[in-house]
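Asker: My questions all concern the structure below.
A short reminder: the numbers here are calculations on the coordinates, not readings from a lab. The model shown is predicted, which means the values in this text are computed figures rather than measured ones. Ideal geometry is used to build each Cβ from the backbone, glycine not excepted, and the neighbour counts take in all protein chains shown.
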Amino acid sequence: MDTQLLPKGSKVVIYRRKSLESEDRQVVSLERQQQEIYDRIITPNKLQVLKDFAEKKSAKAPGRPIFDEMIDFVSKNDVKFIVCFALNRLARNPMDAGKLSWIVQNSGVRLVTTNKIYTDNDNILTQMEFVVSNQFILDLRKHTISGLQKKLESGQAPIHAPIGYINNMKATQGMRNILPDPDRFDLVRRMWDMLLSKQYLPSEIYKTATKEWGLTTKPATNTNGEVKTAKPLSRSQMYEVFHNLFYTGKFEYSGKVYQGNHKPMITMGEFEEAQRILGGKNNRRPRFCVFSYTGMIRCECGGMVTAHERHRFICPACKSKYNALTNTQCPKCKTKAPEKKWYGCLYHCSQKSIKGGCRTQSIKLRDLEDQIDGILETMNIDPDFLSWGLSKLRQNVSDEQEFRNESVKNLTRQLQDIERRETILKDRFFSSDNEDNSLLTTEEFKQRREELILNRTEVEATLAANSQTHDSSVETITDAYDFVKKARYWLKHGSIQERRLILTTVSSNLQLIEGKILVDLKKEYDCLQKGKEVCEQTAEAFEPDKKTDGTVEYGDWMLKNPIMGGIPDSNRRPPPPQGGALTN
């Protein structure tokens, strides 16, 4: 830099710019620019800074307010020097470059960078610098548009992922696809199911999602890398979900619809039905129906199982059926409604009402509850058989505990032996006889010590695992048996909440396939069901003696039955004499 062109004490203005867009991603920060300007220009030449202009805006197009303010300030004040980090910080478009060239040629203003001072004699060089900066923007725009078009054609949506999805930030730039959010995908799908069931108002869906499920937006990250607090889903965001084509596997960009490569949450038919529900005149139902088993059973097609009910009067005169909730007399013959009314409830797939939707067979409420009762019956094991099974299980648990205790003792002895060997190793290495490393070299000491440390770590981990092991299978099965005994009563006389509790407690997966309810029993209830099967199969092979009242004493029978772990009478030892012990 020719310092003669920059007299000491000159009045200058500073202009710094850092765009948040892609063309300036690699440019140094505003703070770094300021430090470089002061260290290399202002301080060495003892310049007088009248004003420091800093701007966070792209220069690819005219219209930067801070830049225009700087040009106006230079024009109205006695300023001969504009100091910047580089010329491309001042302008990247022809209009702003023209403003700077004009004031340099006509006002004697000089552009000062960390490498060079540009005067009116450097007009060609200045223009070339600005042309290069402008060409960079033009090339970048072409490459960006080309890359964006390829991305759209490949199904990658260049958007911020809506709730229920996340942007894959681990992928390389340009290949970042959109993945299901493991924490929110299923919750948002349940919102769609509630809407498509036509049993819930949008306000009720919003309340359930935010209050009961705790659905929130994904925590955002600011420019400093700080994670912001997740916020509850707003009402407007909920409606945006229900009107967003993205959930069908497609997405809209610049007025065009593209097929995405992300996992769809709903079908196109479900999306269209949702728009009819939200935009229809009768989207509000006249009353709210609460059913015992909706929202927890899935159809074989993947849709949720919903229900509808009918309250009907049958006219005693003309035998017509009509709505019992809205009529007090027959609409046809005007006969007064009878005292008794007919009630029916049918469970079916929520996709059944959609054109070309699911055709899975429906099931009546009473048939559904009969099937549930049948499932509970398969777990209603005989108390004597359960008592025998639990005694065997307790014995197994006790044996396993004894084995673990013995393992703990062995591991403790191993740990003590390792500590003893460590002590011997240290004593040998640090003894006065080993000053010349004749007994043990440093490398040998390190190698053996590392082996002992590794061995000790493994033994300590195994010891901790054996010490913390607790088998609660006996208590779990006992609690499950107590629940099954009460569940059959709740199924007939309990509230809606109690009946819902039955299925959610015994099963982790509920499906309706061709009018049949299929369940995946949880482990403890599956044990009860298998125990009932074993009991029935064994009872068929070995019929026990009946008591006088016709009942069976399974406990005594099992003690005599070798198949059940008992001892036959022929091999059973005689009872000991009173007050004595068993003899050989």
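Asker: What residues have an amide H closer than 5 Å to that of Arg16, excluding those fewer than 5 places away on the same chain, when H is modeled at 1.01 Å from N in the peptide plane?
Answerer: Close amide H contacts, sequence-distant or interchain: Phe53, Ala54, Glu55.
Asker: Note the full-extension length gain between Leu201 and Ile496 as 0.36 nm times their separation in residues minus their Cα-Cα distance, in nm to one decimal.
Answerer: Using 0.36 nm per residue and subtracting the Cα-Cα distance, I get 104.2 nm.
Asker: Where does each of Lys198, Lys8 land when they are ranked from fewest to most other beta-carbon atoms within 10 angstrom?
Answerer: Listed from fewest to most nearby Cβ atoms, that is Lys8, Lys198.
Asker: Can you work out the Karplus-derived ³J(HN,Hα) for every residue in the stretch 451-456? Use 6.51 cos²θ - 1.76 cosθ + 1.60 with θ = phi - 60°, whole Hz, and x for glycine or proline.
Answerer: 5, 5, 5, 4, 5, 5
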